[in-house]
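The values are calculated or read from the model by the stated rules, or taken from the named source; none is laboratory data. Everything numeric in this text was worked out from a predicted model, so none of it was measured. Positions of Cβ are backbone-derived with ideal geometry, glycine not excepted, and every protein chain shown enters the neighbour counts. Calculation scope for accessible area: heavy atoms of the full protein, side chains included, ligands and nucleic acids excluded. Shrake-Rupley method; radii C 1.70, N 1.55, O 1.52, S 1.80 Å.
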Amino acid sequence: MARPVRTNPISSPAVHIRWLACLAALVVPGLGHAQGNVQDDDQGMGVLKVFMASQSYRDITGKALSGIPPAIFTRCPTLVARDSSVTILQPVSAGPQGSPASGRWKQSFPVSGCGNDTVLNLYFSVAADGKPQAGATLPGTTLADPLLQRDALLYANLGATRAVADCKNFLVIDTKAPASSQPPGTGGGLKAPWSETWTLSGCSRKVDVRMDFIPDSTGTTIAPRDAVIRPD
């Protein structure tokens, strides 16, 4: 069961930087602020460094993180948030106040210690009113962009319901892609097909669904494969 899905084009190669970010400060007011450590002098990196030190950044990031279901992001006293990473997807420029006036970027927060070790992913863009906005996408290390994730959700759920026939309500709580893979559209040219494991939770059970992604000149074909119920 598969169908072609067109992925979002990426207008420029993705640029990666590392940030030191205190996740607790983003979800619990009054605990400090995020700090940046730029490893590149590119103008866009500088714009994001300034933005990440602002109250606006903390507000929109905290709002996006607060909407993530507890099954994915559990807050607890033993929460550990390691260095987050930022990937610039479209060039970032600064407005009159120093905040981003254009561009698109992704920030990923590795979290652990509360029963579901994963990576929280937020996508940022600048709205029509000129204000940055953020939204959460699937957790984990999936290489699929938000549009491809949306289309792949149907097939992941079909795979899970085939494994657990009496359950219809599943939530993707983690995704894992091979560390050696690269997202389609980065570095130029089409990428080879890749596979990921998406973990879904529903009806007190967890199911690992293998998801195959096959890029071609018109988009990406999504094919769910094996679905395995976890013994725990």
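Quick notes on this one:
- Basic side chains Lys and Arg get +1 at the Cβ, acidic Asp and Glu get -1 at the Cβ, and with that the dipole of the range 73-232 about its Cα centre reaches some 180 debye.
- Length released on extending from ARG150 to ARG230, taking residue separation times 0.36 nm less the Cα-Cα span: 26.4 nm
- Extended-chain gain in nm, criterion 0.36 nm per residue less alpha-carbon gap, VAL80 and SER93: 1.5 nm
- For the range 100-169, the alpha-carbon radius of gyration amounts to 1.41 times the rule-of-thumb value 2.2 N^0.38 Å expected for a compact globular protein.
- Inter-site label distance for LYS176 and SER54 at 7 Å from Cα along Cβ, in nm: 3.9
- Using a probe of 1.4 Å on the protein chains alone, the accessible area found for LYS176 is around 120 Å².
- Neighbourhood net charge (9 Å Cβ-Cβ; Lys/Arg +1, Asp/Glu -1) for ALA227: +1
- Computed P(r) (all Cα pairs; the range 44-177; 10 Å bins; percent): 11, 38, 32, 15, 4, 0
- Residues in the range 75-80 carry Karplus couplings, in order, of 8, 8, x, 9, 4, 10 Hz; the curve used is 6.51 cos²θ - 1.76 cosθ + 1.60 with θ = phi - 60°, and Gly or Pro positions show x.
- Above-threshold pairs, the threshold being 20 Å between Cα atoms, out of LYS63/LYS176; LYS63/LYS131; LYS106/LYS131; LYS49/LYS131; LYS63/LYS206: LYS63/LYS176; LYS63/LYS206
- Antiparallel %, DSSP beta bridges [both residues in the range 80-232], to 5: 100
- Solvent-accessible surface (1.4 angstrom probe) belonging to CYS76, in square angstrom, nearest 10: 40
- In terms of accessible area, using a 1.4 Å probe and ignoring ligands and nucleic acids, ASP117, ASP208 rank largest first as ASP117, ASP208.
- Here the mean projected area of the convex hull built on the C-alpha positions of the range 60-139 is 5.7 nm².
- Gain in span if fully extended, ALA192 to THR221, counting 0.36 nm per residue against the direct Cα distance: 9.2 nm
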